[in-house]
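Can you read through this structure? Questions will come right after.
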Amino acid sequence: MHFRNLVREIRESLAGVERTIKDYEIDFLALIAAYPATGGCVLEIGAFKGASTIVLSKAARAAGDDHIWTVDPFTNPCETDLPEGTCYHEFQNNLQRAGMETFVKVFKGLSQDLAKEWREPIRVLWIDGDHRYAATKHDFELFRPFLADGALVAFHDVLGWQPGPCRVFANDVLGSEDFSACGLSGTIGWAQFVKDRQVPARHSQTKAKLRRALAPQISATAPSMPVSRIARWRQLLLRNRHRQSLSPKQFLQRVEVLR
């Protein structure tokens, strides 16, 4: 299926589904799931009502995968969740309407409990769970050992006002020698994990430049720090600069395809 047709089908499937991802973020999530850079599965941490789950599952199915995983307690256990109580039944209904209920393996619980029994290599790790710093870092560290060579890691709300995603992405991903190609798409920060250190070295300047661009965002999301008008303006500039998702051709030119 042509990628534009896939995205059109995905957007139609999301009609009536409450979501926190923008249209251009839908395009990017579909892109990284539909064009595998390596072998392994797709794992989503934080499903809410299933919008991103539908995107990832439909794109992964188009790529030839036979399942994806999602993990969420569906009980809003932390202060950064939306205050609606459980949304599990709505999540299930949304997956059913999209025809993806048997394709998605759902772990109804905490990521740390799933990690205890996890064995699969991961080709896409999508982190959109608890946005507090310690929790975001914990989610990343739990599943980092399972990243396949060439895997993509993506964090939602890197350009949001919760402290976790931006700090973990900037410090633990962009600041690491294990990650190479990287970028922003809307509020999503992404990077590719590559074991061959010569590959990340070629992207060191790009990573450093993006990390510097995120420095004011990290400062603005520090605990007990009021968000200034300048910080909001800087965030808006970054978002506007990265509103358009990469095309499949641009994406495959930037990453290493290792499958």
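The values are calculated or read from the model by the stated rules, or taken from the named source; none is laboratory data. Computed from a prediction, not measured in an experiment: that's the story for all the values here. Glycine gets a Cβ as well: all are built from the backbone with ideal geometry, and neighbour counts include every protein chain shown.
Check whether at least one residue in the stretch 8-27 is closer than 18 Å to Ser245 by Cα and among the polar types (S, T, N, Q), and report yes or no.
Yes, that holds for at least one residue.
Does Asp139 meet the test of being in contact with a strand residue (DSSP E or B) (Cβ under 9 Å, 6 or more places away or on another chain), over 20 Å from Val55 (Cα atoms) and crowded, with 24+ Cβ neighbours inside 10 Å?
Considered against the rule, which asks whether it is in contact with a strand residue (DSSP E or B) (Cβ under 9 Å, 6 or more places away or on another chain), over 20 Å from Val55 (Cα atoms) and crowded, with 24+ Cβ neighbours inside 10 Å, Asp139 comes out as yes.
Across the stretch 139-167, what is the number of residues that are in contact (Cβ under 8 Å) with a residue 40 or more places away in the chain, of a type in the set (A, V, I, L, M, F, W, C) and within 12 Å of Gly129 (Cβ to Cβ)?
Of the residues in that region, 1 qualify.
Taking the residues in the stretch 212-236 that are of a type in the set (S, T, N, Q) and crowded, with 16+ Cβ neighbours inside 10 Å as candidates, determine which candidate is modelled with the highest pLDDT.
Gln217
If I go through the stretch 37-74 residue by residue, how many of them are more than 26 Å from Lys195 (Cα to Cα) and among the β-branched types (Val, Ile, Thr)?
Total meeting the criteria: 4.
Mind listing just one residue for me: the one in the stretch 241-256 that is part of a loop (DSSP other than H, G, I, E, B) and modelled with pLDDT of 80 or more and, of those, farthest from Ile188 (Cα to Cα)?
Per the stated criteria, the residue is Glu256.
Only one of these conditions is not met by Ala151: (1) surrounded by fewer than 22 Cβ atoms within 10 Å (Cβ to Cβ); (2) not in a helix (DSSP H, G or I). Which number is it?
The single condition Ala151 does not satisfy is (1).
Take Cys166 and decide whether it is of a type in the set (A, V, I, L, M, F, W, C) and crowded, with 24+ Cβ neighbours inside 10 Å.
yes
Can you pull out every residue in the stretch 143-170 that is of a type in the set (Val, Ile, Thr) and in contact with a helix residue (DSSP H, G or I) (Cβ under 6 Å, 6 or more places away or on another chain)?
Val158, Val168
I need the full set of residues from the stretch 120-130 which are touching a Phe, Trp or Tyr at 6+ places or on another chain (Cβ under 9 Å) and either outside any loop (DSSP other than H, G, I, E, B) or surrounded by fewer than 19 Cβ atoms within 10 Å (Cβ to Cβ) (or both), in order please.
Matches in the stretch 120-130: Glu120, Pro121, Ile122, Leu125, Trp126, Ile127.
Can you confirm whether the stretch 201-211 contains a residue that is farther than 23 Å from Ala37 by Cα, under 18 Å from the mean Cα position of the chain (by Cα), at pLDDT below 95 and not acidic (Asp, Glu)?
The answer is yes; a qualifying residue exists.
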